[in-house]
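Step one of this worksheet: look at the structure below.
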Amino acid sequence: MSEAKEEKIVFQRPKALCDVVTHYCPGCLHGVVHRVIAEVIDDLGIQEITVGIAPVGCSVLAYNYIATDFAEAAHGRAPAMATGMKRVHPELVVFTYQGDGDLAAIGTNELIHAATRGENITTIFINNAIYGMTGGQMAPTTLPGQVTTSTPRGRDTKLAGFPVRVCELVSTLEGSAYIVRRSAYNPSEIRKLKAAIKTAFQVQMAGLGYSLVEVVSNCPTNWGMTPLESLKWLQENMLAYYPLGDYKVKDSVKELMAKK
Amino acid sequence: MAKVLMKGNEAIAEAAIRAGCEAYFGYPITPQSEVLEYMSARMPELGRAFVQAESELGAVNMVYGAACTGARVMTTTSSPGFSLMQEGLSYIACSEVPAVAVNVMRGGPGLGNIQPSQADYFQMTKGGGHGDYSPIVLAPSTVQEAVDLVILAFDLADKYRQPVYIIADGMLGQMMEPVELPELKPPQRPERPWALTGAKGRPRNIITSLQLDPPTLEKVNLRLQETYKRIRENEQRYEEYMTDDADLLVVAYGTAARIVKTAIVKARRDGLTAGLFRPITVNPYPYDALRRAAEKAKRLLVVELSAGQMLEDVRLAVMDKRPIHFFGKMGGVVPMPEDVVDAMKKAMAEA
Amino acid sequence: MHEEVIISGFGGQGALFAGQLLTYAGLYEGRQVSWIPSYGPEMRGGTAHCTVILSDEPVGSPIVRNPTIAIVLNPASMDKYEPLVAPGGILVVNTSLVRRPAQRSDITVVRVPANDLAHELGNVRMANVVLLGALLATKPIVSPDSVKRAMEEEIPAHRKHIIEPNKRALERGMQYVAEGR
């Protein structure tokens, strides 16, 4: 028999992540992003002061997975709801978790005005270029030529216009403080994503303005691919239209990051 | 406290402040914009939340957010804006969070005009948005009553955790009358264990109107219906004016009712004994009280600034026990008391 | 006591303000009062009128078809309200702008060159208050002191300089009726 020795825990479920099986499809990156958010909440020690707002879309049940107080918004209205919460409870950390249809189609108005007011809230924006929950229709971020159930011959820009680049759009607004695009297709990108979400929450807690982290994501089911194929397609197609990077980092945010 | 002269819109705003409203979200629309303007000055100076939203959709969802955190919160709008708010109000009702919404009605449909109207009665009293919900709707007839009912609205919203509406119109919003206001006190929140305030020292709270499992959503609906039953049993309010000897019972609410009061005095001078039944809660509608009042009269006349919406509730109350006549004006046209007297005489003359 | 007063003119002539002064005065004297404006999308220059009710009874309808008193500041208001004044009522006419004589013989017509008198006092915009003074000299439905108190208490701080001139305008209107000049 070997001698008992103290072991060091190197990996475990974050406290802020519920111990449940998610409803997400195999290979979907929602679960990864949820976990990253939960890790950040643990790292910052803010589980007891955080309120999340779930969207309408695949992540409508995000409140079952991230273990903080949570509300479920009407489609697209999460930034307005977050505004209402934050204005009466400035001490809370309020974040919205939204997909591309929720944020960049039906909820564009709420997004833009929350950002331009400089609301001290954080948005995690999942961009997978398709409506997942309703069955794979065209999203505002669907790429030109991309086949969806409502663009069966591929997105024809003459008929359906062009995809919206959210980070580029929102970064022009004076009230936005920290606007960045990341992905989660490999461990290195996931680490960068975690750092960005952490910064976004810190920006909010320091009262520096609106923060948004876009995650270029996938949808193996509605893209009709295996998980691995979908990550390859993401890198080969999505990143060309949605380049990763920092779109707005206000000086006040840079100072904050230098201090941390 | 001495009476002060206030515009209806300003009185509604100040009443909310006195009731402990912690947050106001709105969007400009005539004829209620004075509420927004008044709040934009008063709320920040009291350290309370004010946002001029990007739309009525934005405003009502800010209300929803603030309500989820347990704050006393209000929005105000006028008819087209109230249509836009239906989405959020349905969510608020299903989520069982308290909120107050004021509709200073104007002529419709469509963009209509900005003159007084009561044409949103169906939308306000019968749900308005999707799903089975039934908001409390309070109908002030004077500026003082608007003050009193706004304060009551906050209490009822808290008590039943449901949206409570004030059904007003451009005339009430724009006119000035003397009012007495309660003292200004810091907002006090009752215990709200359900509120989203951060899960410190308690299990986390989730507020959602999504229930994918039908039996679970049915349970939510049954609970709502139980709430509405309690509201029906406890919150019906109405006023009777000169009904004891009335041959003709006129039924009207809000602005129409005060015009009717003047008409009744004039008609009685001409020998027509009329009285007024005025619902103060138009939802829950005081069906039984109206039925009893109707039994004392020979005929009924319903007067509305609409094509005849409350008329249906009067018919539900009275059935075919008495003849029911209708006099309505649409499109922002407000009848003079003399027009109502003519309608009363016509109703009594008809076989 | 029950008076129904309509004050009507071009937007900007102060019809609504004169009505508010009257309403406050009624409130100070313990009357039941209401004030209701016409309201429209035009912010300047359109027609503007208000209805003021002063009564010993609770106010029912805040709008009336046949007012007991009308103050008309411009020709359009004269044309609209002269026929509507209740028999035995009072019509106060701003003759600086309304050139034609009144047609009614069953009402008291009070003719005052209010723009000219206000101009002599230094500001033509006080014609509204001159006419209010003329009404009170004809029928004291409220006391002039209550109207002056309303000026002192209700005119906002940044416009305090108009209080004394407006008091003089009120007195000038009363004097014009009392002395016929």
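The values are calculated or read from the model by the stated rules, or taken from the named source; none is laboratory data. All figures in this text were calculated on a predicted structure; none of them were measured in a lab. Here the Cβ positions follow ideal geometry from the backbone for every residue, glycine too, while neighbour counts run over all protein chains shown.
Consider B:GLN123 against the criteria (1) more than 14 Å from chain A (Cβ to nearest Cβ); (2) touching a Phe, Trp or Tyr at 6+ places or on another chain (Cβ under 8 Å); (3) on the phi < 0 side of the Ramachandran plot; (4) outside any helix (DSSP H, G or I): it satisfies all of them except one. Which criterion is unmet?
Looking at each condition in turn, B:GLN123 falls short on (4).
For the stretch A:143-181, how many residues meet the condition of being touching a helix residue (DSSP H, G or I) at 6+ places or on another chain (Cβ under 7 Å), over 20 Å from A:GLU236 (Cα atoms) and part of a helix (DSSP H, G or I)?
1
If you check every pair at least six apart or on different chains, which have Cβ atoms under 9 Å apart with a residue in the stretch B:30-58 that is within 14 Å of chain A (Cβ to nearest Cβ) first and a residue that is among the hydroxyl-bearing types (Ser, Thr, Tyr) and in a helix (DSSP H, G or I) second?
Note: pairs meeting the criteria are B:PHE50/B:SER40; B:VAL51/A:THR83; B:GLN52/B:SER40; B:ALA53/A:THR83; B:GLU54/A:THR116; B:GLU56/B:SER83; B:GLY58/A:THR83.
When the residues of the stretch C:1-28 are narrowed to those that are within 12 Å of chain B (Cβ to nearest Cβ) and touching a helix residue (DSSP H, G or I) at 6+ places or on another chain (Cβ under 6 Å), which ends up nearest to C:ALA70 (Cα to Cα)?
Applying the filter and picking the extreme gives C:LEU21.
Go through the stretch B:15-35 and count every residue that is basic (Lys, Arg) and within 15 Å of B:GLN52 (Cα to Cα).
Summing the residues that are basic (Lys, Arg) and within 15 Å of B:GLN52 (Cα to Cα) in the stretch B:15-35 gives 0.
Can you tell me which residue among B:PRO187, B:PRO178 is over 29 Å from B:PRO286 (Cβ atoms), surrounded by 15 or more Cβ atoms within 10 Å (Cβ to Cβ) and within 12 Å of another protein chain (Cβ to nearest Cβ)?
Values: B:PRO178 fails: over 29 Å from B:PRO286 (Cβ atoms).
Testing whether each residue is over 29 Å from B:PRO286 (Cβ atoms), surrounded by 15 or more Cβ atoms within 10 Å (Cβ to Cβ) and within 12 Å of another protein chain (Cβ to nearest Cβ) leaves just B:PRO187.
In the stretch B:61-74, what residues are in contact with a strand residue (DSSP E or B) (Cβ under 6 Å, 6 or more places away or on another chain) and either without any contact (Cβ under 8 Å) to a residue 40 or more places away in the chain or at the interface with chain A (Cβ under 10 Å from one of its Cβ atoms) (or both)? Can you show your working first?
We begin by selecting, within the stretch B:61-74, every residue in contact with a strand residue (DSSP E or B) (Cβ under 6 Å, 6 or more places away or on another chain); these are B:62-63, B:66-68, B:71, B:73-74.
Those that are in contact with a strand residue (DSSP E or B) (Cβ under 6 Å, 6 or more places away or on another chain) and either without any contact (Cβ under 8 Å) to a residue 40 or more places away in the chain or at the interface with chain A (Cβ under 10 Å from one of its Cβ atoms) (or both): B:MET62, B:VAL63, B:ALA66, B:ALA67, B:CYS68, B:ALA71, B:VAL73.
Filter the stretch B:316-336 for residues that are under 21 Å from B:ALA297 (Cα atoms) and either assigned to a helix (DSSP H, G or I) or within 14 Å of chain C (Cβ to nearest Cβ) (or both) and give the result.
Answer for the stretch B:316-336, where residues must be under 21 Å from B:ALA297 (Cα atoms) and either assigned to a helix (DSSP H, G or I) or within 14 Å of chain C (Cβ to nearest Cβ) (or both): B:LEU316, B:ALA317, B:VAL318.
What number of residues within the stretch B:75-98 satisfy the criterion of being hydrophobic (A, V, I, L, M, F, W, C) and over 19 Å from B:ASP120 (Cα atoms)? Steps first, please.
Here is the first cut: in the stretch B:75-98, the ones hydrophobic (A, V, I, L, M, F, W, C) are B:82, B:84-85, B:89, B:92-94, B:97.
Filter again for over 19 Å from B:ASP120 (Cα atoms), leaving B:92, B:94, B:97.
Within the stretch B:75-98, residues that are hydrophobic (A, V, I, L, M, F, W, C) and over 19 Å from B:ASP120 (Cα atoms) number 3.
Restricting to the stretch A:45-79, name every residue that is over 16 Å from B:GLN211 (Cα atoms), surrounded by fewer than 24 Cβ atoms within 10 Å (Cβ to Cβ) and of a type in the set (Asp, Glu).
A:GLU48
Here is a yes/no grid of residues against (1) modelled with pLDDT of 95 or more; (2) of a type in the set (A, V, I, L, M); (3) in contact with a Pro (Cβ under 8 Å, 6 or more places away or on another chain); (4) farther than 21 Å from C:GLU3 by Cβ:
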position	(1), (2), (3), (4)
C:VAL129	yes, yes, no, no
C:ALA137	yes, yes, no, no
C:ARG149	yes, no, no, no
C:GLU154	no, no, no, no
C:GLU164	yes, no, no, yes
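State all residues of the stretch B:75-93 that are more than 19 Å from B:LEU217 (Cβ to Cβ) and β-branched (Val, Ile, Thr); if no residue qualifies, say none.
Once the filter is applied, which keeps residues that are more than 19 Å from B:LEU217 (Cβ to Cβ) and β-branched (Val, Ile, Thr), the stretch B:75-93 yields B:THR75, B:THR76, B:THR77.
Please go through the stretch A:66-94 and give me each residue that is more than 7 Å from chain B (Cβ to nearest Cβ), part of a strand (DSSP E or B) and touching a Leu at 6+ places or on another chain (Cβ under 7 Å), ordered by number.
Answer for the stretch A:66-94, where residues must be more than 7 Å from chain B (Cβ to nearest Cβ), part of a strand (DSSP E or B) and touching a Leu at 6+ places or on another chain (Cβ under 7 Å): just A:ILE66.
I'd like the full set of residues that are among the hydroxyl-bearing types (Ser, Thr, Tyr) and part of a helix (DSSP H, G or I), limited to the stretch A:212-260. Reasoning before the result, please.
First, the residues of the stretch A:212-260 that are among the hydroxyl-bearing types (Ser, Thr, Tyr): A:217, A:221, A:226, A:230, A:241-242, A:247, A:252.
A:THR221, A:SER230, A:TYR241, A:SER252 - these are the residues of the stretch A:212-260 that are among the hydroxyl-bearing types (Ser, Thr, Tyr) and part of a helix (DSSP H, G or I).
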